[in-house]
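**Student:** Sharing a structure below in structure tokens format, with a few things to ask.
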Amino acid sequence: MIIPHAKVGSSLKNKTGGWRSQKPIFNPELCKKCGLCQLHCPENCISGVEMDKKVEERSVAKTDYDFCKGCGICAKVCPFGAIKMVEEEK
């Protein structure tokens, strides 16, 4: 029998972003706030994307780097090129 290391419901305690080699950087000038990055993030660690087109201010999406694994899905799904993956500083 295999016993999992992480217990059910403990994902907030298991910060898994420490092994990432790249991280997403958002460019607020290119972001159109479509929300695709937030929708497709498998770790649900992107927040601050206003999907309401009436919002005029350019807020920057926020990534919770404690949980971001650097998969790059957010950058791949962004149709505006507003997310670039950069080398993680060690």
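The values are calculated or read from the model by the stated rules, or taken from the named source; none is laboratory data. All figures in this text were calculated on a predicted structure; none of them were measured in a lab. All Cβ positions, even for glycine, are placed from backbone atoms using ideal geometry, and neighbour counts span all protein chains on display.
**Student:** Condition first: modelled with pLDDT under 90, at negative phi and assigned to a strand (DSSP E or B). Can you find one or more residues in the stretch 18-32 that meet it?
**Tutor:** Taking every residue of the stretch 18-32 in turn, none turns out to be modelled with pLDDT under 90, at negative phi and assigned to a strand (DSSP E or B).
**Student:** When you scan the stretch 60-76, do you find a residue that is modelled with pLDDT under 95, loosely packed, with under 15 Cβ neighbours inside 10 Å and of a type in the set (Asp, Glu), even just one?
**Tutor:** Taking every residue of the stretch 60-76 in turn, at least one turns out to be modelled with pLDDT under 95, loosely packed, with under 15 Cβ neighbours inside 10 Å and of a type in the set (Asp, Glu).
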